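For reference, the structure is listed below as C-alpha cells.
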Amino acid sequence: MSKWFVPVAVGMTLLGVVTAPRDARAQEWVAAAQGNIASGVDVGGKDMALRRARTVARFGGELSVDERPKDVFYGGLLVEIEPRTSFGGSLRYLRMLASKSAVFVGGDALLAPRTLFGAAGGFVQRIPMSQKTQLTLDPTFNVFFIGQDMPDDTVFWQALLEVGFRADL
C-alpha cells in the first residue's frame, strides 16, 4: 500500500460527500384549519323520541405528514350553540379515500357545564373553492354513552350534517 493511498481515499470521500445530490429531506407537516356548523336529528330524552339535534360549531385543525398524506389527524373545539351553550373537544382520525373524500372515526366530549362523551364516525367531502380552500360536507353519526347529561337530557345518538370551510396552511 502506497503512502498516498489514505490521503487520496479521504480526499475522494470528502469530494463525494460535498458534491453528492441533496435529495434527502425530513418529513414535513401539512396543516389545515377548519370551521364547521352542524345540526340534524337525534334520539334522546326520557321518552327516547326522535327530535332535532343540538346545533354545534366545531373549530379545529388537521395535521398529516407529507410522506403519508392519506393519514390525517384532527383536533378541535366543540361549542354547542343551542338549546344551551356547552363547550368541549373533538379528536378524529381521517383516512383519505381520494384527494377530496375521506372517512373518519373519533370521539367527541362536551365538558362544561355538564359532561357528555361519545364516539363519532362519518364521511368527509371537500368541494374546492380555490387552490387552498374548500367547502366541506360531513355526514356524521355520533353515539353518546356516558356523561352527566344522562339520563334526564339523554342524547343517545345523533345523525348530523356538518357544513364548513377548510383552508390549507
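Read the figures in this text as sums done on the coordinates, not as results from a lab. It should be emphasised that the depicted structure is a prediction, and the values quoted were computed from it without experimental measurement. A quick note on method: Cβ atoms are made from the backbone with ideal geometry, for glycine too, and the neighbour counts reach across all protein chains shown.
Database remark: amide H of Thr115 closer than 5 angstrom to the amide H of Gln148, Asp149 (H placed geometrically; neighbours at sequence offset of 5 or more, or on other chains; Pro and chain starts carry no H). Here the scattering of region 27-168 is modelled by Debye summation over its C-alpha atoms, one equal scatterer each and no solvent; at q = 0.10, 0.15, 0.18 Å⁻¹ the log10 of I(q)/I(0) is -0.33, -0.72, -0.98. Give, in nm to one decimal, the length gained when the segment between Asp47 and Ser130 is fully stretched (0.36 nm per residue of separation minus the Cα-Cα distance). My answer for the length gained is 25.2 nm. Derived scalar couplings between HN and Hα for region 36-42 equal 10, 10, 9, 7, x, 10, 9 Hz in order, rounded to whole Hz, by the Karplus curve 6.51 cos²θ - 1.76 cosθ + 1.60 (θ = phi - 60°), x for Gly and Pro. Counting Lys and Arg as +1 and Asp and Glu as -1 over every other residue whose Cβ lies under 13 Å from the Cβ of Val56, the net charge comes to -2.
Applying 1/(1 + (r/R0)^6) with R0 = 35 Å to the Cβ-Cβ distance of Ala159 and Ala26 gives a FRET efficiency near 0.25. Computed over neighbours whose Cβ is under 10 Å from that of Val105, the net charge equals +2, Lys and Arg +1, Asp and Glu -1.
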